[in-house]
Amino acid sequence: MTKRINKKSEPEPKTGFSTYWKPQSGWWYIGAVISVLVALAVDILVPDSQFVNTLPYQIFLEIFITILIVLWVISVKANSLRKILYHKAQFIFAVGIALTVWDLLSTKSNILQLPFFPGPAQIISVIVSERETFLISSYYSLRLFFVGLILGTILGIGTGILIGWYRQWYYWLFPILKVIGIIPPIAWIPIAVVVFPNSFIAGLFLIVIASWFPVAFMVSVGIASTPKVYYEAALTLGANERFLLTNVAIPNAVPDIFTGLTTATGFSFLTLIVSEMIGAKAGLGWYINWAKTWSAYDKVYASIVIMAIVFSIILAVLNSSRNYVLRWKKGISK
Amino acid sequence: MSKQEILIKISGVNRVYYDTTGKATVALQDVDLDTRKGEFITFIGPSGCGKTTLLRLIAGLDSPQSGVVSIEGQPIEKPGYERGFVFQQAALFPWKTVEENIAIGLKARKVFKEKKLYIKDYIDLIGLTGFEKAYPHEISGGMAQRVAIARALINEPKVLLLDEPLGALDAFTRIELQTTIRRIWEKTGTTIVLVTHDVDEAVFLSDRIAIMTARPGRISEVITVNLKPERDRNDDEFIILRRRVLEKLELAGKHWSSRLIDPLEQPSISGVGEAI
């Protein structure tokens, strides 16, 4: 038995619970590249048994492989990038295997049949051929989403400050907020389509509702929970009431604003898609519903993929702006 | 060192707290004390003797039921920057850097533009040069307390009120900071009122020590510290004085415990013992 001491790696911290880890091995990364290469080779070499344009899928895999190799070349000099890549290697490996199996089961053998269970090649082919529709739909969805979320957040912060800071506002508004806030926003759809002149404004109303309440609630909680000693400290430094609000209570509520905003974003995604499916004449939700009526399930899957990408990007941006704004908080910064 | 001019006058002050059941606790009873301009005065006593309450009355963070606390003849009604306060937990604003925390008084008073150049001086004064951009969670408890002192001092207060500022620190840091506080006091000439339960600290820093007893809280005796400005903890006079303060405190403690009816409510003067 040989005992080797690995000088490069620090021992795992003994925290009492199992810490998340993955071995960072270059071999796994090579395996990952090979597995995506296998997916590509299978798609090129195995004959199709469905009528699918597989070229976009093959180009997609080629781009994927190129990116993996380019990143690896860059990472030779960038240590932190290499760590991330090697950490993700097992996952990428699994993705390659999964694509291969999926491709074999659908396009190559027709075990998973069209139109309900398209293969990866078919979905990517639809995304490429319908790219204009997807771009326009995403544009309409995102416009509705951002206008609604921004309006709702502004209203929410305003209401939250009033409720959290002024007793009178708390007395009158907080019970209303509590009761209306728990109603799922989509319950308002029947009313919204009747009251508002067009589907954009109706959808806007629903998203404003969806984002308003979580933000208002969290901001009011954040303001009301400001430690008394911060107020006392500010008062002995010459603060007046206005200063206490703007420089003590509101900054103290900023972490809660972000918590509310994250909840609001999730609610807004849901409300956006549901309201588009029901009332709108544009947007990703409308498109899914339209494709369904034509039994074009490849387009349904394609829009789901697009939603996943778009919403993930939005959440990632929100998350990194949160980390930047809250860099003063313990445990947030690296 | 200390002029005879009176800065803070506490006369006939009573403060009673009522809990939810309506039971009264007398925090302060008939307290009289004059603080002179430029003086370093310490309130010392067991927990529950009302020393912090007294300090909060001077700050204007609390008000008495009867009696008057005044500064330069003006009754104190609310908090103000001319009475700087340092809390036991530094109470720095965690979302602001060291520099921004020190600047907050200037901003609150809307004199930031004119006086922002002073920030650097106060960072130098407390010895935190190089930490200007650090956030409170990135610095130690002792450093945070230094920032809290600078934050109060930048307003050039008439009096600096220190509420057990070193109570939560380890022994080594405490001694270091005592030296810093003494140096700052000598340099700025600010009147300082300190609340502590550490006898050593009181003797090392003060011109006068007000010994307080609990239930009801009152000042039992004021001891003048006649030591030379360069204080040495191993000096004979220092040791004698420390013992004297301690004896007074123990006497105050006995006096107090003999009044107790409930034996479960034994007074804790452990904080006093620690310092020896």
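Counted as qualifying within region B:94-155 are the helices (runs of 4 or more DSSP H) with 2 or more residues that are over 23 Å from the mean Cα position of the chain (by Cα) and within 11 Å of chain A (Cβ to nearest Cβ), namely B:98-108. Scanning region A:236-250 for residues that are free of Cβ contacts under 8 Å to residues at least 12 places away in the same chain and either in a helix (DSSP H, G or I) or of a type in the set (A, V, I, L, M, F, W, C) (or both) returns A:T236, A:L237, A:A239, A:E241, A:R242, A:F243, A:T246.
The single condition from (1) away from chain B (no Cβ under 12 Å); (2) surrounded by fewer than 23 Cβ atoms within 10 Å (Cβ to Cβ) that A:I207 fails is (2). Note on region A:222-249: among residues that are surrounded by 20 or more Cβ atoms within 10 Å (Cβ to Cβ) and hydrophobic (A, V, I, L, M, F, W, C), the one that is nearest to B:Y81 (Cα to Cα) is A:L237. Say whether the condition of being part of a helix (DSSP H, G or I) and in contact (Cβ under 8 Å) with a residue 40 or more places away in the chain is met by at least one residue in region B:204-217. Yes, region B:204-217 contains a residue that is part of a helix (DSSP H, G or I) and in contact (Cβ under 8 Å) with a residue 40 or more places away in the chain.
Considering region A:81-100, the residues that are touching a helix residue (DSSP H, G or I) at 6+ places or on another chain (Cβ under 6 Å) and not aliphatic (A, V, I, L, M) include one that is farthest from A:L112 (Cα to Cα), namely A:R82.
Among the residues of region B:189-199, how many are of a type in the set (S, T, N, Q) and within 16 Å of B:R36 (Cβ to Cβ)?
Residues meeting the conditions: 2.
Whether any residue in region A:250-263 is over 30 Å from B:V111 (Cβ atoms), among the hydroxyl-bearing types (S, T, Y) and surrounded by 20 or more Cβ atoms within 10 Å (Cβ to Cβ) is what I want to check. Checked region A:250-263: no residue is over 30 Å from B:V111 (Cβ atoms), among the hydroxyl-bearing types (S, T, Y) and surrounded by 20 or more Cβ atoms within 10 Å (Cβ to Cβ). Inside region A:222-240, residues that are under 39 Å from the mean Cα position of the chain (by Cα) and facing chain B (nearest Cβ under 7 Å) make up a count of 3. It is to be established whether one or more residues within region B:54-61 are under 19 Å from the mean Cα position of the chain (by Cα), more than 18 Å from B:Q145 (Cα to Cα), touching a residue at least 24 places away in the same chain (Cβ under 8 Å) and away from chain A (no Cβ under 12 Å). Scanning region B:54-61 turns up at least one residue that is under 19 Å from the mean Cα position of the chain (by Cα), more than 18 Å from B:Q145 (Cα to Cα), touching a residue at least 24 places away in the same chain (Cβ under 8 Å) and away from chain A (no Cβ under 12 Å). Within region B:216-227, which residues are touching an Asp or Glu at 6+ places or on another chain (Cβ under 9 Å) and either closer than 22 Å to B:A27 by Cβ or among the aromatic types (F, W, Y) (or both)? Listed by number, the residues that qualify are B:P216, B:R218, B:I219. When each of A:W294, A:W286 is tested for being of a type in the set (F, W, Y) and more than 21 Å from the chain's Cα centre (by Cα), the lone residue that passes is A:W294. Contact map, region A:25-45: residues that are farther than 9 Å from A:I92 by Cβ paired with residues that are outside any helix (DSSP H, G or I), Cβ distance under 7 Å, separation 6+ or inter-chain. Pairs shown: A:D43/A:T54.
Against the list (1) in a helix (DSSP H, G or I); (2) under 22 Å from A:A32 (Cβ atoms); (3) at pLDDT below 95, the condition A:V70 fails is (3). Kindly check whether there is at least one residue in region B:218-241 that is assigned to a loop (DSSP other than H, G, I, E, B), surrounded by fewer than 18 Cβ atoms within 10 Å (Cβ to Cβ) and in contact with a strand residue (DSSP E or B) (Cβ under 9 Å, 6 or more places away or on another chain). Taking every residue of region B:218-241 in turn, none turns out to be assigned to a loop (DSSP other than H, G, I, E, B), surrounded by fewer than 18 Cβ atoms within 10 Å (Cβ to Cβ) and in contact with a strand residue (DSSP E or B) (Cβ under 9 Å, 6 or more places away or on another chain). Can you pull out every residue in region B:119-162 that is among the charged types (D, E, K, R) and at positive phi? Listed by number, the list holds a single entry, B:E156.
If you go through region A:261-305 and keep only what is out of contact with any helix residue (DSSP H, G or I) (no Cβ under 7 Å at 6 or more places or on another chain) and closer than 28 Å to A:F213 by Cβ, you end up with A:G266, A:L270, A:I304. Checking each residue in region A:42-67 for being assigned to a helix (DSSP H, G or I) and farther than 11 Å from A:D103 by Cβ picks out A:L45, A:L55, A:P56, A:I59, A:F60, A:E62, A:I63, A:F64, A:I65, A:T66, A:I67. In the set (1) in a helix (DSSP H, G or I); (2) among the β-branched types (V, I, T); (3) closer than 20 Å to B:A59 by Cβ, A:T259 fails one condition alone, (3).
Tell me whether region B:70-88 contains one or more residues that are crowded, with 22+ Cβ neighbours inside 10 Å, away from chain A (no Cβ under 14 Å) and more than 13 Å from the chain's Cα centre (by Cα). No - not one qualifying residue is present in region B:70-88. Quick check: is even one residue across region B:27-44 free of Cβ contacts under 8 Å to residues at least 12 places away in the same chain and under 22 Å from B:K158 (Cβ atoms)? No, the conditions are met nowhere in region B:27-44. Does B:D32 satisfy being in a loop (DSSP other than H, G, I, E, B) and either within 14 Å of chain A (Cβ to nearest Cβ) or within 19 Å of the chain's Cα centre (by Cα) (or both)? No, not satisfied. Within the span defined as region A:75-84, one or more residues are in contact with a Leu (Cβ under 7 Å, 6 or more places away or on another chain), modelled with pLDDT of 90 or more, over 30 Å from A:K299 (Cβ atoms) and among the hydroxyl-bearing types (S, T, Y).
The values are calculated or read from the model by the stated rules, or taken from the named source; none is laboratory data. Everything quoted here is computed from the prediction, not taken from an experiment. Cβ sites come from the backbone with ideal geometry, for glycine too, and all protein chains shown count toward neighbours.
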